[in-house]
1. Taking Cα atoms, how many degrees apart are the long axis of helix 111-121 and the longest axis of the chain, rounded to 10 and kept between 0 and 90?
2. What does the accessible area per residue of the chain come to in Å², with a 1.4 Å probe and no ligands, DNA or RNA counted?
3. Size of the dipole of the chain about the Cα centre, Lys and Arg at +1 and Asp and Glu at -1 on the beta carbon, nothing else charged, in debye to 20?
4. Any of Lys32/Lys72; Lys34/Lys80; Lys123/Lys238; Lys15/Lys135; Lys135/Lys171 with alpha carbons more than 18 Å apart? Name them for me.
5. Could you give the nm distance between label points at Gln190 and Ile23, where each point is 7 Å from its Cα heading toward the beta carbon?
6. With a cut-off of 16 Å, note down the residues of the range 18-50 whose backbone N falls inside the zone around a label point 7 Å from the Cα of Thr146 toward its beta carbon.
7. Roughly how much of Asp83 is accessible, in Å² to the nearest 10, using a 1.4 Å probe?
8. Quick one: order Ser221, Ser174 from most to least accessible surface, probe 1.4 Å.
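The values are calculated or read from the model by the stated rules, or taken from the named source; none is laboratory data. Only a predicted model underlies this, so the values are computations on that prediction, with no experimental measurement involved. Every residue, glycine as well, gets a Cβ built from its backbone with ideal geometry; the counts of neighbours run over all protein chains shown. SASA here: full protein model, heavy atoms, side chains in, ligands and nucleic acids out. Shrake-Rupley method; radii C 1.70, N 1.55, O 1.52, S 1.80 Å.
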Amino acid sequence: MGFLTRKMDEFLYPKHEGNWDNILFREVLLAKIKPDNRWLDYGAGRGALTQMNFKGLVDHIAGIDPEPAVFKNPFLDEAKILDLADCKIPFEDNSFDLVFSDNVMEHVENPEIVFPEIHRVLKPGGLFISKTPNKNHYMPLIARTTPLWFHKFYNNLRGRDSIDTFPTVYKCNSLSQIKKLAGVSNFEIQQFEVIEGRPEYLRLTAISYLAGYIYERIVNSSTLFEPLRCVIVFTLKKV
């Protein structure tokens, strides 16, 4: 990131920090903290994001992921492998008060299996809270038309390790998709919010940054443009 881009950060988004969306998501989850709760991090990974560290704030934090790196995640009290062959969550019914996922749902190939499985392991009244990209935003639109090697290359330019870049499918990344999945899984939608912030993917050059800033100003100017904002945060309740 060049000098001009850093100056644009200071001038255009003085209150934004790196990983602003994960900071926002952490605040959403912190509001649900209860010391006696059991939580599950769905797609916990290797623990690359400190914002997803809730260890010690609730009674028990478990995590699942298809990658063995989950066993090295320092934010978990318990880690297990998720078998993508059947997507079955390796825990008993009614095990958790809350399941959360951070930038995971865009990778899910079989949401019609995953959502009922999350419902199964939640206690009655339990919550499923997720942050994921909106499939109608320009970033996922580009991602859906370009190969994985390009995603890794571009993220490397942004300073993101390629080992944290995975294939995306965007099968549960819009209000209509989530409504349908919630309905068939016996979830109740408690909250659905679409947010646009600093244009992280366009901060490589001043020109692309300016284009992203103009886009952000437009989509935040009216609720009519909510469907075009970048980050979805939704909360589903087990009923």
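1. 50
2. Numbers: 12030 Å² over 239 residues.
About 50 Å² of surface per residue is accessible.
3. Values: 29 positive and 30 negative charges, 113 e Å.
Its charge dipole is roughly 540 debye.
4. Details: Lys32/Lys72 26 Å; Lys34/Lys80 23 Å; Lys123/Lys238 7 Å; Lys15/Lys135 26 Å; Lys135/Lys171 9 Å.
Exceeds cut-off: Lys32/Lys72; Lys34/Lys80; Lys15/Lys135.
5. The modelled label-to-label distance comes out at 2.5 nm.
6. Flagged as within label range: none.
7. Its heavy atoms expose roughly 80 Å² to the probe.
8. Values: Ser221 80, Ser174 15 Å².
Of Ser221, Ser174, the descending order of accessible area is Ser221, Ser174.
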